[in-house]
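Shown next, in structure tokens, is the structure this report addresses.
The values are calculated or read from the model by the stated rules, or taken from the named source; none is laboratory data. A quick note: this is a predicted structure, and the numbers were derived from the prediction, not measured. Positions of Cβ are generated from backbone atoms using ideal geometry, with glycine treated the same way; all protein chains shown enter the neighbour counts.
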Amino acid sequence: MGMHQRGQTWALVLAGGDGVASPLPFSLRRSEGALLQDALRRAQAVVDRDRICTLTAATQVSDWHPPAWQRSASHRILQYAQRGTGAAVLLGLLRLVARDPEARVLLLPCDHAVRDEAVLSRAMRAALAHAQAHADAIVLLGFEPDAPLTSLGYIVPAQAAGGTPVAVSEFVEKPTPIRACELVRRGALWNGFIIAASAAALLRLYQRRHAHARATLASALTADAERSGLRRLTAAAYVALPRIDFSLDVLVGQECRLSVLAVPACGWVDIGQRRLMEHRIDNGRRQPATVPGGVGADGSTADPPSRLT
């Protein structure tokens, strides 16, 4: 990636592999291409397309069919191994700050469906504007839950969430059924993994528990840049990283750095989680018995399908 004007707004689309929070069974991947196209269009609504980059697993490259403007190496960031969403985001952020040290970033998964894109676009613009006005701000978009699902993360606002970002009092990833019900009663919002912040602010989140991973990967990227841009050292450093889940291992415990913006009803659905749940239901005879939203004999859970709001 070459240098651009500083302080621009970029989008990192988590386009598969560790970019999708929950990898889908092979039989459920039929529309992944369509979901990626939707995510790219979603990003284009708020970010210039020459500053939209995709985080893509190296194993997916042969099956990846992006639009022509997304096919250049400058738009694609390869994940060299399955090391979790935290490692994938770290790689993407370090690649971006090498290009634009003052970059603002919108993190955007590709496994979402949205009925009213205009509503979500306005929320993303508001989050980016807040991040631009407050250098240390990290704004998570939250969606009002319509069921106490255990397969999603929850963001508890410190006060009633309205049209502006508010502080986060608690971040809970994949709670138990009882805890999920409690969180919904407390006014918690679903974490959509759509985040607006400066790249520097997001990278600071790694200093608490993953400073060594950040330093090692940054050093490898710098060394590779000095060797005609080859990525051999970066690939080796990435493969050697521990598995890092962005929500569980990076966000949890750092609520004081986070804010949340409640998104008005827009028909948001996490397709990855919903399909995994439906796959589990369709194959119920091979699964432990559970009650919707409850706990099975072996401790497993099953969530009811979420409704479009």
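Among the residues of region 77-97, just one is buried (at least 24 other Cβ atoms within 10 Å of the Cβ) and not in a helix (DSSP H, G or I), namely 79. Among the residues of region 185-223, those identified as crowded, with 18+ Cβ neighbours inside 10 Å and over 16 Å from the mean Cα position of the chain (by Cα) are 188, 210, 213, 214, 217, 218, 220, 221.
Taking the listed residues 198, 228, 169, the one that is under 25 Å from residue 94 (Cβ atoms) and modelled with pLDDT of 95 or more is 198, with no other qualifying.
Selection of region 139-152 for residues being surrounded by fewer than 24 Cβ atoms within 10 Å (Cβ to Cβ) and either touching a strand residue (DSSP E or B) at 6+ places or on another chain (Cβ under 7 Å) or of a type in the set (S, T, N, Q) (or both) yields 144, 145, 150, 151. I'd like to know if region 55-64 contains one or more residues that are closer than 14 Å to residue 105 by Cα, buried (at least 17 other Cβ atoms within 10 Å of the Cβ), modelled with pLDDT of 85 or more and touching a Leu at 6+ places or on another chain (Cβ under 6 Å). Yes, region 55-64 has at least one match. Among the residues of region 124-141, none qualifies, meaning not one is of a type in the set (D, E, K, R), under 17 Å from residue 255 (Cα atoms), within 18 Å of the chain's Cα centre (by Cα) and not in a loop (DSSP other than H, G, I, E, B).
Would you point out the residue of region 155-166, among those that are outside any loop (DSSP other than H, G, I, E, B) and either of a type in the set (Val, Ile, Thr) or touching an Asp or Glu at 6+ places or on another chain (Cβ under 8 Å) (or both), that is surrounded by the most Cβ atoms within 10 Å (Cβ to Cβ)? Among those residues, the one meeting the criterion is 155.
For region 255-278, indicate whether the set of residues that are in a loop (DSSP other than H, G, I, E, B), modelled with pLDDT under 50 and surrounded by fewer than 19 Cβ atoms within 10 Å (Cβ to Cβ) is non-empty. Checking region 255-278: not a single residue is in a loop (DSSP other than H, G, I, E, B), modelled with pLDDT under 50 and surrounded by fewer than 19 Cβ atoms within 10 Å (Cβ to Cβ). In region 98-117, is there at least one residue being touching a Lys or Arg at 6+ places or on another chain (Cβ under 8 Å), assigned to a loop (DSSP other than H, G, I, E, B), buried (at least 19 other Cβ atoms within 10 Å of the Cβ) and not hydrophobic (A, V, I, L, M, F, W, C)? Yes, that holds for at least one residue.
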